[in-house]
Amino acid sequence: MKFIEFDSRAVKKIRRADLQDVLKVWEGLGYYARARNLHRAAGIILYHHHGIMPDGWEDFRKLPGVGDYIAAAVLSIAFNKPYSVVDGNVKRVLARLLLMEKPVNKSTSIKFFKEAAGRLLSPQDPATFNQAMMELGATVCKPQQPLCSACPLQRMCLAHETGRVGEYPKKLKRAPTPQFKIAVGVVFKNGKVLITRRKPKGLLGGLWEFPGGKVRDTEKAKGACIREIKEETNLSVGVDSQLGRIKHAYTHFKIIMDVFCCSYISGKVKLNGPVDHRWIKLDKLDDYPFPKANHKFFPALKQYAAKVVESDKKNPDKPKYLIPET
Ligand code: SF4
């Protein structure tokens with residue numbers, strides 16, 4: 001087996017790149033903390049490890065964003081170190097193979113699956129073993145209708161031997177995914193729109209967005225939009241129209257987002273929550289990294305702006321979008 005060659009030029013390129021450019025390339029993939037951690041890890045590899053990827057558990061595990069799973073996967077597959085990898089596919093294979101009763105979706109179960117995987121691990125070739133286990137789970141020992149007749153482990157599989165494949169893996173019932181109502185406003189002023197930047201850490205950290213937030217139980221989306229913009233940016237705005245309603249699912253929750261087109265009324269931007277803001281022309285939207293949920297209404301926003309521009313040309317006395325800059 002040929003192990004992965006490490007190219008330190010890639011690390012230098014990532015480190016020298018502006019974080020915003022890294023987020024822009026990552027845009028739409030979700031899990032934005034991974035992009036931020038990649039950027040930070042590149043710096044640590046460059047300055048603390050002389051540009052050489054550390055291949056010991058302690059040093060590698062300390063890199064930002066590296067947990068037990070990533071450390072075991074990279075160190076075994078790239079460096080052939082004897083660490084067993086346990087992902088969802090591997091847990092399913094182990095549960096069926098050994099009739100493991102621990103629920104696969106309970107966090108405290110992981111140590112039992114790691115122990116089981118560790119006992120089976122081939123110390124001579126952990127890289128191939130781990131990849132084979134993950135691949136077997138993904139392509140043969142599938143969640144529904146596993147292909148037991150084609151499985152190389154069939155003769156040692158306890159679930160198959162006892163005719164109980166359908167009973168494994170065991171799972172805890174999950175609570176329903178919470179859903180939040182969000183109101184967002186695109187504030188137009190002097191031919192530009194206001195965008196704000198989220199804090200560097202946390203959900204969607206470092207990305208740009210339109211101001212807004214959660215709709216309270218006691219209010220309507222339109223009112224929440226005006227209130228949130230005031231609280232976040234100190235601007236008073238009026239809602240002109242609703243642009244659309246977007247549904248989006250994150251890993252642990254879902255949102256229903258009402259998007260409004262707003263006109264600036266008064267105030268100077270003072271941020272409360274976001275860390276930066278810009279007034280930009282709509283044709284510059286693509287220069288900034290935005291969450292995927294925002295991209296879902298960009299086409300409607302561009303259509304809306306085009307209509308307003310046409311209307312402004314017909315009614316130059318009452319322009320909404322093409323107001324000359326002051
Ligand atoms: Fe999974 Fe069937 Fe193979 Fe057992 S025999 S590991 S249940 S595919």
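Please report, for the Cα atoms of the stretch 176-227, the Rg to one decimal and the Dmax as a whole number; what are they, in angstrom?
That works out to 13.0, 44 Å for Rg and Dmax.
Given a 1.4 Å probe and every protein chain left where it sits, what share in percent of the accessible area of the chain is carbon and sulfur? If you can, show how the numbers build up before the last one.
Details: 10140 of 18800 Å².
It is 54 percent, rounded to a whole number.
Taking the DSSP beta bridges in the chain as the whole, what percent of them are antiparallel, to the nearest 5?
Once the DSSP bridges in the chain are tallied, antiparallel ones form about 70 percent.
Remind me, relative contact order of the stretch 97-201 in percent, using alpha carbon pairs under 8 angstrom and six or more residues apart?
In percent, rounded to a whole number, it is 37.
Name the most mobile residue of Pro152, Pro123, Pro291, meaning the one with the largest mean-square fluctuation, in a Gaussian network model of the chain with Cα contacts below 10 Å.
In the Gaussian network model the winner is Pro152.
Between their Cα atoms, which of Lys81/Lys111; Lys142/Lys214; Lys13/Lys189; Lys199/Lys268; Lys24/Lys102 are more than 29 Å away from each other?
Where the Cα-Cα span goes over 29 Å, the pairs concerned are Lys142/Lys214; Lys13/Lys189; Lys24/Lys102.
Which value in nm describes the separation of the simple spin-label points at Lys199 and Lys313, placed 7 Å from the Cα toward the beta carbon?
About 4.6 nm separates the two model spin labels.
Which value at 222 nm does the chain reach when only helices count, each DSSP H run of 4 or more adding -39,500 (n - 2.57), with the total divided by all residues and rounded to the nearest 500 deg cm²/dmol?
Helix-only estimate at 222 nm: -11500 deg cm²/dmol.
Pick out, from Phe113, Thr162, Ala293, the residue whose Cα sits farthest towards the positive end of the charge dipole of the chain, with +1 on the Cβ of Lys and Arg and -1 on the Cβ of Asp and Glu.
After comparing all options, I get Ala293.
With every protein chain left in place and a probe of 1.4 Å, what is the accessible surface of Trp279, to the nearest 10 Å²?
60
Apply the Kirkwood formula to the stretch 30-189: the hydrodynamic radius equals the inverse of the mean of 1/r over all pairs of different alpha-carbon atoms; give it in Å with one decimal.
Values: mean 1/r = 0.0550 Å⁻¹.
Result for the stretch 30-189 stands at 18.2 Å.
Along the charge dipole of the chain, pointing to its positive end and built from +1/-1 on Cβ of Lys, Arg, Asp and Glu, which listed residue (Ile77, Tyr264, Leu203) has its Cα farthest out?
Tyr264
Would you list the P(r) distribution for the chain, with all Cα-Cα distances sorted into 10 Å bins from 0 and each bin expressed as a whole %?
5, 19, 22, 19, 17, 11, 4, 1, 0
Full extension from Gln145 to His248: what is 0.36 nm times the residue separation minus their Cα-Cα distance, to one decimal in nm?
Working: separation 103, 0.36 × 103 = 37.08 nm, distance 2.99 nm.
Stretched out fully, the Gln145 to His248 stretch lengthens by 34.1 nm.
Just to make sure I understand: if all protein chains stay in place, what is the order of Arg197, Arg96 by accessible area at 1.4 Å, largest first?
Final ranking, largest accessible area leading: Arg197, Arg96.
The values are calculated or read from the model by the stated rules, or taken from the named source; none is laboratory data. Note that the structure is a prediction, hence the values are computed from the model and not measured. Cβ atoms come from the backbone with ideal geometry, glycine included; neighbour counts cover every protein chain shown. Areas reflect the complete protein model, heavy atoms only, side chains present, ligands, DNA and RNA absent. Shrake-Rupley method; radii C 1.70, N 1.55, O 1.52, S 1.80 Å.
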